[in-house]
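Structure record follows, encoded as structure tokens.
We did not get these values from a lab; they are worked out from the coordinates using the rules stated. Everything numeric in this text was worked out from a predicted model, so none of it was measured. Methodologically, a virtual Cβ is constructed for each residue, glycine included, from the backbone with ideal geometry; neighbour enumeration extends over all protein chains shown.
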Amino acid sequence: MRLRHIEIFQAILQTGSVTGAASLLNVSQPAASKALQHAEAQLGFTLFKRVRGQLLPTPEARILEQSTARVFEELQRARRLAGGLRQQSARSLRVVATPSLAQSLLPKVIPRWMKRFPGVPYELATHHTPELVENLLLHESDLALTLQDPKHAGLSMRTLAQGQMVVIAPPGHWPIHSLDEPLDIQELGGEPLLALDTRDALGSLLDHHLGEAPQPPQVVARVQTWLLARSLVAEGLGLAVVDPLTGYGPGAPIQVRALRPMLPVKFYALTRPDEGTSEALEGLLEELSKEAAGLMG
């Protein structure tokens, strides 16, 4: 099978029709139909049968599916890399951050940075940490911001700020005089808790500490982002343990207390080591570090 045949084959598997495959690959329907016919002629057997208006894969197609999927994924990856390199040549600063960092830091930092570097084009996007790493490796971004150490040998990592996890609660949950006092993790026992997904490294660490408490909290829900946890806490749905940038950042009113024992958290900037830095990027890192230190310190 040629690469074009594999593209059409995989696109039809994903969409269930030649029309959908043509749209996915940005080609005309006749071109997609012709490519499918060529593929089947070259292979010597049928790949799809039409059943009630849908194209269903034949047994032979199912056998081919797994092997061609790997080739298709690598082809898509190569195209993403080429696109990233093409965008890189435009010399815009492309920044990608986790959702909580994008919400708590970038709206405050970007305006100050723009005053220092007027006219420098920039792009902002959000992803979770595994996608941030992939974006950098595919040259789709120049700078990634995260609170997790991805432990990837192919990237350079710089610590911009560090602090400790905090406990957040709905307004009025704690007496005002107690807000300056750390909350012992055991005091979360029996409390309704919005917990972070355990696939998150910090979420897993927190679960370990909570599991050692004599009375664990009542986990009412697990959420994928600290930002979502903060919004739910503000609505009175429970407490949450979050990073200080989320806790002290913008949003609906909540109460915030330090957690005891201290669970450290660091703010990382990731870049590719094979590329030099720029004055604009260094300026952004400086502004990010100052803003984060004020919230995390």
Revision key, fill the gap. Proxy exposure order for 262, 1 (fewest C-beta within 10 Å first) is 262, 1
Practice item. Would you work out which of 204, 250, 183 lies farthest towards the positive end of the dipole of segment 166-262? Charges go on Cβ: Lys and Arg +1, Asp and Glu -1. Key: 250
**Study point:** Over the chain: Kirkwood hydrodynamic radius from C-alpha pairwise inverse distances, Å
**Key:** 22.4 Å
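About its Cα centre, how strong a charge dipole does the chain have in debye, to the nearest 20, once Lys and Arg get +1 and Asp and Glu get -1 at the Cβ?
Around 1240 debye, computed over the chain.
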Check your understanding: So which residue, out of 15, 126, 277, gets the largest mean-square fluctuation from a GNM of the chain using Cα contacts under 10 Å as springs?
Key -> 15
Point to revise | Rounded to 10°, Cα long-axis angle of helix 106-116 versus longest principal axis of the chain | key: 90 degrees
Review point. Within the chain, what's the longest stretch lacking trypsin sites (Lys or Arg not before Pro) that sit in DSSP loops with no more than 10 other Cβ atoms inside 10 Å?
Key: 152-297
Check your understanding: Is it possible to state the helix-based mean residue ellipticity at 222 nm for the chain, with each DSSP H run of 4+ residues giving -39500 (n - 2.57), the sum divided by total residues, to the nearest 500 deg cm²/dmol? What is it?
Key -> -14000 deg cm²/dmol
Point to revise | Calculated diffusion of segment 3-87, Stokes-Einstein form, Kirkwood radius summed over Cα pairs, 25 °C and 0.890 mPa s, µm²/s | key: 184 µm²/s
Point to revise | Per DSSP, loop GluC sites (Glu not before Pro) in segment 202-297 with at most 14 further Cβ within 10 Å | key: 212, 235, 275
Revision key, fill the gap. Cα-based Rg and Dmax for segment 166-262, in Å, come out at 12.1, 36
